[in-house]
1. Give me a comma-separated list of calculated 3J(HN,Hα) values for segment 38-53, in order, Karplus coefficients 6.51, -1.76, 1.60 applied at θ = phi - 60°, integers in Hz, x for any Gly or Pro.
2. Considering only C-alpha atoms, what is the centroid distance from segment 86-160 to segment 355-375, in Å?
3. For segment 235-304 and segment 60-79, what is the centre-to-centre distance using only Cα atoms, to the nearest Å?
4. Using θ = phi - 60° and the Karplus relation 6.51 cos²θ - 1.76 cosθ + 1.60, list the HN-Hα couplings for segment 324-330 in order, rounded to whole Hz, with x at every Gly or Pro.
5. Which of the pairs K330/K382; K317/K388; K301/K388 have their Cα atoms more than 23 Å apart in this structure?
6. Once you order the gyration tensor axes a ≥ b ≥ c over the Cα atoms, which shape class does segment 218-266 get: rounded for a/c under 1.5, otherwise prolate or oblate by comparing a/b with b/c?
7. Considering just Cα atoms, how many Å³ per residue does the convex hull of the chain enclose?
8. On C-alpha positions alone, give me the angle between the axis of helix 22-31 and the longest principal axis of the chain, in degrees, nearest 10.
Amino acid sequence: MTSKKRITSKKKIALIGLGRVGLPLALILADKGYVVFGIDSDKDKKEKLTQGIPPFFEEGLKELLDKHIGSNFRLADYASIKSCEAVIITIGTQMDSDFSPRTNSVYEVIGQIKKYLKKDTLIVLRSTVEPKGTEKTLKYIKNNIKKNVLLVYAPERLMEGKAIEELLDLPQIIGSFEKKGAKKAKELFKSFAPSVIETDTLTAELAKLSLNTFRYSTFALSNELMMIADHFGSDIHKVLATANQGYKRGGIPLPGFAAGPCLVKDSFFLKHQTPFNTMITGSYHINHNLPDYFISKFQEKCELMDSKIALLGLTFKKDIDDERDSLSLKLRKLLENAGSKVVTHDPYTNKGDLKKILKNVGGIFISVDHNEYKKLNLNILKQYVGGKALICDIWNVLQTNKIFFMI
């Protein structure tokens with residue numbers, strides 16, 4: 001952890017939403033000396049937390065939970081807000097089927113807590129909202145709450161699996177409407193963050209959304225380059241290694257699945273109600289249809305009907321236990337629709353004996369670059385399979401520099 005100075009006054013904070021964003025933040029604040037009242041509607045999650053069981057995988061989470069559950073970190077309900085000087089909202093926001101933002105859950109929470117708020121209570125909105133979403137939230141507050149409260153927007157920019165580490169390492173952005181709220185929020189976040197970037201709420205919103213949109217579109221470009229290289233009969237991993245080696249303006253990332261609950265949503269939040277969407281919608285079509293592309297190329301070399309096909313990796317990215325919006329799940333559905341007998345494995349969500357799973361398969365998709373799979377090599381796979389098989393190594397885990405090859 002860090003050597004930041006601890007808070008000794010036992011200031012009380014309520015944090016609503018103990019998910020992958022909220023729980024690490026709650027425990028970091030507890031570790032810095034705040035008394036944090038964790039509020040969540042999920043009974044199973046709260047039961048696990050009471051027993052000291054993390055509801056999901058996150059490096060360092062178990063140690064902090066063991067240290068603070070029942071003391072500086074307490075499970076509570078909305079009534080606990082009456083004794084708190086700050087409320088942090090970290091509930092998830094969604095995207096509708098027409099790709100428009102659905103953030104009414106934020107208003108619902110504010111409606112439920114308004115009777116417990118005191119004058120000048122700080123409300124930290126950490127949930128992702130569309131541009132000017134914080135301003136809309138402020139209007140809702142003014143229309144529904146008679147007491148003056150201080151609203152700031154403090155977006156999260158964390159990598160799942162490394163959330164605790166990054167909370168202590170990354171600058172925290174605070175977008176505010178007035179100095180009083182900014183000052184209170186800065187004091188809160190400086191208790192653990194190396195620095196705080198103060199700005200207005202719109203800039204904070206656009207900065208957060210721009211980062212994920214940049215990553216999403218960069219993946220799309222790499223994936224399109226992969227398809228172009230394949231069209232000409234070349235291997236993209238060899239191409240990128242050649243392009244990037246020793247070149248100061250290189251750094252083209254590897255192709256691969258880009259999905260999960262944030263990248264797509266944040267990209268479409270950013271473009272909401274604007275005509276500037278060619279790059280974003282194009283990125284979505286490239287990334288979302290990548291499983292279809294791999295299936296079509298696979299079928300050129302291997303019969304899928306009635307074939308036993310192994311799918312290694314089900315999460316939306318490496319070394320986490322989160323399958324939300326994973327393109328591996330779409331890949332599995334496409335294989336099943338093609339008549340394949342699909343067997344699956346994931347070291348975080350679907351463990352099993354890999355040797356038994358791979359026996360007599362006709363093909364293998366390595367769709368997530370979990371570190372566990374980097375222990376594999378061609379000799380191990382040949383032994384496990386016991387015959388010929390077509391490999392689709394999306395992330396070059398086996399270091400052959402080929403996406404499709406036979407063993």
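FYI, it's all coordinate maths here, none of it is from the lab. In this text the structure is predicted, and so the values were computed from the model without any measurement. Cβ sites come from the backbone with ideal geometry, for glycine too, and all protein chains shown count toward neighbours.
1. x, 10, 7, 8, 7, 5, 4, 4, 5, 5, 4, 4, 4, 8, x, 9
2. 43
3. 39
4. Result, rounded to whole Hz: 4, 6, 6, 6, 5, 5, 5.
5. Long pairs (Cα-Cα over 23 Å): K330/K382; K317/K388.
6. oblate
7. Enclosed volume per residue, from the Cα hull, is 161 Å³.
8. It is inclined by approximately 60 degrees.
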